[in-house]
Amino acid sequence: MLTAGLAALLTFGGFAARGFSGNGFRLGSELAWRFTCLVYFTALVAGPLARLIPFEPLRRLCGQRRQLVWGFCASFGMFLASVLVPNMLAPPGTDRDGLTAGMTVFVLLGAALTMVIAYTASRQAAVFLGEKARATMLGAGMSYFWLAYALTGLARIVGPHRPDAFYGLSVSLMVIALLLRFADRFAAKIRTRGEPA
């Protein structure tokens, strides 16, 4: 709940900073998107870091992985609301186009995927789905968001956009997360080979 509250605070802060107008709504959505990227990165690397580096605070963070995933889902839900609500409430003749079909599909698919991730992060999902199916669904959902953050960052770096250091940082974070997860898998294979038969 704290993560969702912080996302809401950032979003409404962006709305208020530039007024409740098109610019304010864009800033609020952008701040929510950036915040969810950082929460996502933390949720993604908590486990690998704790297993690779024997450090007590990292172990505690790893123990909170489920809450981190739920925090990401809640903050992403806030991002979706920051996209949807201002466009639903846009009066005709403003700089907002109102709610488009593409935007509705984006929000509905994002919400559905976020709910799947939130459910598969729970203990009940392993009982209902089986551990292998649960892990596969959670991994696929988290991989989708890795791709979304990485491709959005690359598009902003390469495309004709105003320079913004955040997108370079977000691509770097996604690469770091991927490398940490590969290193964690590699270390796990080495550990299992070293165990006596």
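The values are calculated or read from the model by the stated rules, or taken from the named source; none is laboratory data. Remember, predicted model here, so these are calculated numbers, not experimental data. Methodologically, a virtual Cβ is constructed for each residue, glycine included, from the backbone with ideal geometry; neighbour enumeration extends over all protein chains shown. Just the protein is used for accessible areas: all its heavy atoms, side chains included, with ligands, DNA and RNA removed. Shrake-Rupley method; radii C 1.70, N 1.55, O 1.52, S 1.80 Å.
Tabulated results
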{"read-out": "Lone qualifier among Tyr149, Tyr167 - being within 18 Å of Val69 (Cα to Cα), hydroxyl-bearing (Ser, Thr, Tyr) and either in contact with a Pro (Cβ under 8 Å, 6 or more places away or on another chain) or surrounded by 15 or more Cβ atoms within 10 Å (Cβ to Cβ) (or both)", "value": "Tyr149"}
{"read-out": "Subset of segment 125-167 (residues that are aliphatic (A, V, I, L, M), within 18 Å of the chain's Cα centre (by Cα) and closer than 21 Å to Cys73 by Cβ)", "value": "Ala135, Met137, Leu138, Ala140, Met142, Leu147, Ala148, Ala150, Leu151"}
{"read-out": "Cβ pairs under 8 Å, 6+ apart, first in segment 99-111 and under 15 Å from Pro86 (Cα atoms), second of a type in the set (S, T, N, Q)", "value": "Leu99/Asn87; Thr100/Asn87; Met103/Asn87"}
{"read-out": "Failed criterion for Val107 (all others in (1) at pLDDT 90 or above; (2) closer than 22 Å to Ser75 by Cβ hold)", "value": "(1)"}
{"read-out": "Filter pass, Arg18 being more than 30 Å from Phe182 (Cα to Cα) and either modelled with pLDDT of 90 or more or open to solvent by 70 Å² or more (accessible area, probe 1.4 Å) (or both)", "value": "yes"}
{"read-out": "Filter pass, Gln64 being closer than 21 Å to Leu2 by Cβ and at pLDDT below 90", "value": "yes"}
{"read-out": "Residue match in segment 113-133 (condition: open to solvent by 50 Å² or more (accessible area, probe 1.4 Å) and either touching a His at 6+ places or on another chain (Cβ under 8 Å) or of a type in the set (Asp, Glu) (or both))", "value": "yes"}
{"read-out": "The listed residue being touching a Phe, Trp or Tyr at 6+ places or on another chain (Cβ under 6 Å), of a type in the set (Val, Ile, Thr) and on the phi < 0 side of the Ramachandran plot, out of Thr136, Thr152, Thr114, Thr104", "value": "Thr114"}
{"read-out": "Number of positions in segment 4-13 that are touching a residue at least 40 places away in the same chain (Cβ under 8 Å) and either open to solvent by 40 Å² or more (accessible area, probe 1.4 Å) or closer than 19 Å to Phe166 by Cα (or both)", "value": "3"}
{"read-out": "Residues that are in a helix (DSSP H, G or I), over 27 Å from Cys37 (Cα atoms) and either at pLDDT 95 or above or of a type outside the set (A, V, I, L, M, F, W, C) (or both), drawn from segment 184-197", "value": "Lys189, Arg191, Thr192, Arg193, Gly194"}
